[in-house]
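FYI, it's all coordinate maths here, none of it is from the lab. Computed from a prediction, not measured in an experiment: that's the story for all the values here. In this analysis, Cβ positions are derived from the backbone assuming ideal geometry, glycine residues included, and neighbour counts consider all displayed protein chains.
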Amino acid sequence: MRDQIVVQLPVDSDTTYRWIKLSPTILSPAIASGNIEDLVTDSVGFQVIVLVPGSDVGLYDINVPTQNKQRMLKAIRYANEEDLASDVEDLHFALAKNEEKDKASVAIVELALMDQWQAAFHSAGLLVDMLVPDSLVLPFVENELSILIEGNTAIVRSGPYEAFNAELDNLNFMLSLWFKNHEETLPEKVKIWGDDFSTVEVPESISVEHKSATNGLLGLLDAHPIDMDKAINFLQGDYSRREQLGKIWRPWRMAASLAGVLFVLQLGLAIVQSSSLEAQRDALKAEGIKIYKEAFPDAKRIVNVKSQMQNKLNELKGSGGSASSVTFMSLLSDTGKVFKATAGLNLKSIRYKNQMIDVELEVPNYQVLDQLKQKLAKKGERDVEIQSAVTRNNIVQGRLQIKGLSS
């Protein structure tokens, strides 16, 4: 098991996080608490698992006639549409590692909540590995019903992907409905964690076992580690870690590749001064060519990789080529002033390729987007096209393609 730090989100308007660090080298893990900056400091070197309230999550088992994950995701979005309180376009769907044929277990949460949770972590510089419903972390045993009482809330888990959260005042009502719906498959035992268990009503035919849970759900994890095969991770699809890293890395990929090539080449120049390091020089040269090809996959002929790389850098900086060439820096300089003067514009990403800039941005409405296009294309200096524009939460998310016209 990787070293883990498991985190509970603050409750209501509180800003206090609670967490526990789990590792074979930590014999008696303790519950810690603090603000998000404290959490970031304490999480270095650990796999970060964040528990989100099960009360904000819907858990469903859905029959789907496919085992293809992408097709399955498309099918489940509309399979239980009538049972959902929100439009499917406003929801995020996460699949479990379900091995049953033609069946999918899925967790559903509001997109707004996902964005809210992610924004808090991103602003603090914390990269989360897993975002998991707390109800699927409560220990589960076949033919048992598990109940955890923590504060004024309770978590009830009845299956690998079956669970619900309830206010303590409504717990017995929710349990009575559950027992009524499972009359023919009642569990053999109900296991209750927590001190306030005397008011929990269970049918007399079912045995009850009481367990202490002084530190709540986090306190159970040392003796009952998270079953990763049953913990649905919300960081899938558009919220996957790869996608999040890609959004951060994509605008800088070209510059980083070029910087990497120059570093390798400069190191190679120092090494070739010594004939005893001939083999290392050849290896570095080959590595430089490899990185160059990765940065410029369309390159056909590489004669002098250092010189060719410098020319590419000059093009990006705007210092190379003829006076009529269109470069990244010249385009960015011209368009940047227009972006800065546009009220309510939120720039999401910029990508440069083939003397064109692709810009992803957010603006208050379509009128602002159209005005922005007109300003960028003024005087016939640039060719500007709106590639896409969609409205979400009263904000227009658009993508512009800007092409400079050579003089």
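Treating r as the C-beta distance of Ala377 and Leu267 and R0 as 56 Å, the FRET efficiency rounds to 0.80. Each of Tyr161, Tyr366 has some number of other Cβ atoms within 10 Å of its Cβ, and from fewest to most they run Tyr366, Tyr161.
Taking the centroid of alpha carbons for each part, segment 222-242 and segment 7-30 are 17 Å apart.
Projecting label points 7 angstrom from Cα along Cα→Cβ for Thr214 and Leu27 puts them 1.8 nm apart. Our summary gives segment 132-205 a relative contact order of 33 percent, counting only alpha carbon pairs under 8 angstrom and 6 or more residues apart.
Legend: ranking of residues Leu177, Leu217 from fewest to most surrounding C-beta atoms inside 10 Å; resulting order Leu177, Leu217.
The ranking of Val11, Val109 from fewest to most other beta carbons within 10 Å of each one's beta carbon is Val11, Val109. Site pair Ser307 and Lys74 shows an inter-label distance of 5.2 nm when each label is modelled 7 Å from Cα along Cα→Cβ. Computed from the Cβ-Cβ distance with R0 of 51 Å, the FRET efficiency linking Asp196 to Asp102 stands at 0.75.
Net length available on complete extension from Ile395 to Ser176 is 74.4 nm, with 0.36 nm assigned per residue and the Cα-Cα distance removed.
Our estimate of slack between Arg351 and Asp370, defined as 0.36 nm per intervening residue step minus the Cα-Cα distance, is 4.8 nm. Rounded to the nearest angstrom and listed largest first, the equivalent-ellipsoid semi-axes of segment 138-216 from its Cα gyration tensor are 18, 13, 12.
Residue separation of Ser333 and Asn63 scaled by 0.36 nm, minus their Cα-Cα distance, works out to 91.8 nm of gained length. Rounded to the nearest 0.05, the FRET efficiency derived from the C-beta distance between Leu126 and His224 at R0 = 25 Å is 0.50.
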